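The values are calculated or read from the model by the stated rules, or taken from the named source; none is laboratory data. No experiment lies behind these values; they were computed from the predicted model shown. Please note: Cβ atoms are built from the backbone with ideal geometry, for glycine as well, and neighbour counts cover all protein chains shown. Areas reflect the complete protein model, heavy atoms only, side chains present, ligands, DNA and RNA absent. Shrake-Rupley method; radii C 1.70, N 1.55, O 1.52, S 1.80 Å.
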There are 2 protein chains.
Amino acid sequence: MKEQIKTYLNRYVSFSDNEINEIYGRLSSQTLQKKKFLLHEGQICNHKYFIIKGLVRLFYIDFNGNEKVIQFAIENWWVTNVESFIKETPSSISIQALEETIILSIKKNELEELYQSIPKLERLFRLITENMLIAIQKRNEFYMKASSKDRYYSLINNIPNLAQRVPQYMIASYLDVTPEYLSEIRKNS
Amino acid sequence: MKEQIKTYLNRYVSFSDNEINEIYGRLSSQTLQKKKFLLHEGQICNHKYFIIKGLVRLFYIDFNGNEKVIQFAIENWWVTNVESFIKETPSSISIQALEETIILSIKKNELEELYQSIPKLERLFRLITENMLIAIQKRNEFYMKASSKDRYYSLINNIPNLAQRVPQYMIASYLDVTPEYLSEIRKNS
């Protein structure tokens, strides 16, 4: 677990072993069983979560009581509700494990202390946040431009074995198509 | 101009006068006439732009040759194409002034040099990028949940006098409704 986060962190900025130890010492690990929640809509999200292994979804419940999936996330991704984390407001989304999932998490105040003692972390999280921004902007643009079929293939190419790992109705929810239409797309592929 | 950017920067992190001078020395200013482009789709976006005064739109041309507005931006906002800026790839969007607009801009390599000499800037841009991420996520969620009418009112409440500053067809493009439907919304308000 420590090796994995070390490799990940050093992709962006290079940290000494002492710094890695200091960062790692602030992280907590947990294993979530399938279907367990990391965060419930309405809670304040005090943590950033790093996925060591597994798969989670971010979703909310819409007006009609339907689940609307906004993101799937896998190994080596950070997940959080950024707004709730920063402004300490109730989260507008839930985060749920769709497989047994191993998570490292860092509390907001611990991260703030780390920023003070290892300022290079500011750079790391600036770069990570920029990448998240790029990802969300690309997805938005792609979603406005592409057909449902192209969106489906982009999604399954992005996350290995997604179609085997996640129920079809959740993929349909993410793509904003009906499960029937998704099944048409898959049949014609 | 210097006072405005100083006030803005000190909102996030406090900088000494020397640091402000060093940052300001790296910025270039320009005035764009109405309809002039800051960035054309296909160009590499080497700058981050800070709007001192005026209003710009970010847009692209879709399959059918229609303009699709993705953002309006005003005073004290940074605009750029983040992906193009970071990865040095051709921009997928254009940025155009919709009023006479005064811009401060910083080149990518100058910003990198500033990060080295004033590491607090990493914090500043981490915080700014987090706020951009919050804004885009909120907009996405709101757009999935809200009616066209609510989206219209949210937009005009966010940007002072937008309805007077921008042609209606651009607002319709941003809201993803027809100009006729936008005119219905406005009539019934």
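Taken over region B:158-167, the residue count meeting the criterion of being closer than 16 Å to B:Gln96 by Cα and not hydrophobic (A, V, I, L, M, F, W, C) is 2.
Listed residues A:Thr101, A:Thr31, A:Thr89; which is surrounded by fewer than 18 Cβ atoms within 10 Å (Cβ to Cβ), over 23 Å from A:Leu133 (Cα atoms) and at pLDDT 95 or above?
Numbers: A:Thr101 fails: surrounded by fewer than 18 Cβ atoms within 10 Å (Cβ to Cβ); A:Thr89 fails: over 23 Å from A:Leu133 (Cα atoms).
Exactly one of A:Thr101, A:Thr31, A:Thr89 is surrounded by fewer than 18 Cβ atoms within 10 Å (Cβ to Cβ), over 23 Å from A:Leu133 (Cα atoms) and at pLDDT 95 or above, namely A:Thr31.
Comparison of A:Leu114, A:Leu127, A:Leu133 shows that the only residue that is more than 24 Å from A:Gly25 (Cα to Cα) and among the aliphatic types (A, V, I, L, M) is A:Leu133. Taking region A:114-130 as the range and being more than 7 Å from chain B (Cβ to nearest Cβ) and closer than 18 Å to A:Glu83 by Cβ as the test, only A:Ile128 passes.
Of the residues A:Ile44, A:Ile23, A:Ile51, which is at pLDDT 95 or above, crowded, with 20+ Cβ neighbours inside 10 Å and more than 14 Å from the chain's Cα centre (by Cα)?
Details: A:Ile44 fails: crowded, with 20+ Cβ neighbours inside 10 Å; A:Ile51 fails: more than 14 Å from the chain's Cα centre (by Cα).
Answer to the selection: A:Ile23.
Only residues that are outside any strand (DSSP E or B), within 14 Å of chain B (Cβ to nearest Cβ) and closer than 24 Å to A:Pro160 by Cβ were counted across region A:43-71, and they come to 0. Within region B:103-116, identify whether any single residue is under 22 Å from B:Tyr181 (Cβ atoms), within 15 Å of the chain's Cα centre (by Cα) and not in a helix (DSSP H, G or I), and answer yes or no. For region B:103-116, residues under 22 Å from B:Tyr181 (Cβ atoms), within 15 Å of the chain's Cα centre (by Cα) and not in a helix (DSSP H, G or I): absent. Search region A:1-23 for residues that are farther than 17 Å from A:Tyr115 by Cα and pair each with any residue that is outside any helix (DSSP H, G or I) and among the polar types (S, T, N, Q) when their beta-carbon atoms are under 6 Å apart and the residues are at least 6 apart or on different chains. Short answer, once both residue conditions are applied: A:Tyr8/A:Asn76.
Quick one: in region A:171-189, of everything that is at pLDDT below 90, assigned to a helix (DSSP H, G or I) and aliphatic (A, V, I, L, M), which residue is nearest to A:Leu55 (Cα to Cα)? For region A:171-189, the residue satisfying everything is A:Leu175.
Which residue, of B:Asp176, B:Asp150, is open to solvent by 70 Å² or more (accessible area, probe 1.4 Å), more than 10 Å from every other protein chain (Cβ to nearest Cβ), under 24 Å from A:Leu175 (Cα atoms) and not polar (S, T, N, Q)?
Numbers: B:Asp176 fails: more than 10 Å from every other protein chain (Cβ to nearest Cβ).
Every option except B:Asp150 fails the conditions.
Among the residues of region B:150-163, is there at least one that is out of contact with any Ser or Thr (no Cβ under 9 Å at 6 or more places or on another chain), within 27 Å of A:Ser91 (Cβ to Cβ) and either hydroxyl-bearing (Ser, Thr, Tyr) or modelled with pLDDT of 90 or more (or both)? Yes.
In region B:99-108, is there at least one residue being touching a strand residue (DSSP E or B) at 6+ places or on another chain (Cβ under 8 Å) and facing another protein chain (nearest Cβ under 10 Å)? Even if it seems obvious, please write down each step before you answer.
Keep residues of region B:99-108 that are touching a strand residue (DSSP E or B) at 6+ places or on another chain (Cβ under 8 Å), which gives B:99-108.
Still in the list and also facing another protein chain (nearest Cβ under 10 Å): none.
Taking every residue of region B:99-108 in turn, none turns out to be touching a strand residue (DSSP E or B) at 6+ places or on another chain (Cβ under 8 Å) and facing another protein chain (nearest Cβ under 10 Å).
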